[in-house]
Amino acid sequence: MGLPVPKWSASACRARIAIAAEAGVSPGSLYQFFANKEAIAAALAGRFVTQMREAHEAALLGTPVSTLDWPEVVDRTVEPILAFNVANPGFKALFARPDMPPGLAAAAEPIQAALLGRVESVIAAKAPGLTAQERTRTARVAIQIFQAMLPMALAAAPDERPAVIAELKKVLYRYLSALSP
């Protein structure tokens, strides 16, 4: 007698088939590892958090953030996050949706918390006089600015993308540089 087979909705079955095809495995073998799509999302979220942390650490490796000027901080952080989004096109589709289903929203919480924490740590190093509430608000606004311009940057033609990225950096730099005396 085998393990009970979970019941999946039609849309969940289509998603499972697509995930299995992308992974190069049979849809049935996903049952061995994941009970449902929320479990798949949680596993992906963990992987994305690790990749984002590694990209952020590599971007600021070896130099205390407090010694960098805002243009360099923005340059060092925007590029790896853009590269992460280019390398993981499904990330935004799964975890940055405004209409996220509750199961995916729970899986996305660690990603959002990790990103917010990273941005807050940079802001704390550059603007130590801010209160925790001000730091969190500023980090959330900076993240929203980035997320608002991300689709435009990713959809830009290859010859236009650098100009769009430069505009994104300009907006972030001007917003964040107002924090420093």
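Just so you know, all these numbers are worked out from the coordinates, no wet-lab data involved. Predicted model, so just to flag it, every value in this text is computed and none were measured. When we count neighbours, we look across all protein chains shown, and the Cβ atoms used for this are built from the backbone with ideal geometry, even at glycine.
Listed values, structure above:
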quantity: Label-to-label distance, nm, for residues given as Ala43 and Leu154 (7 Å Cα→Cβ offset); calculated: 2.2 nm
quantity: Potential extension, Ala83-Glu134 segment - 0.36 nm per residue separation minus Cα distance; calculated: 15.5 nm
quantity: Listed peptides 123-133, 64-74 by packing density, highest first (mean Cβ within 10 Å); calculated: 64-74, 123-133
quantity: Stretch gain in nm, segment Ala125-Ser66, where the contour uses 0.36 nm per residue and the Cα spacing is subtracted; calculated: 20.7 nm
quantity: Per-residue Cβ neighbour rank within 10 angstrom, fewest leading, Glu120, Glu54; calculated: Glu54, Glu120
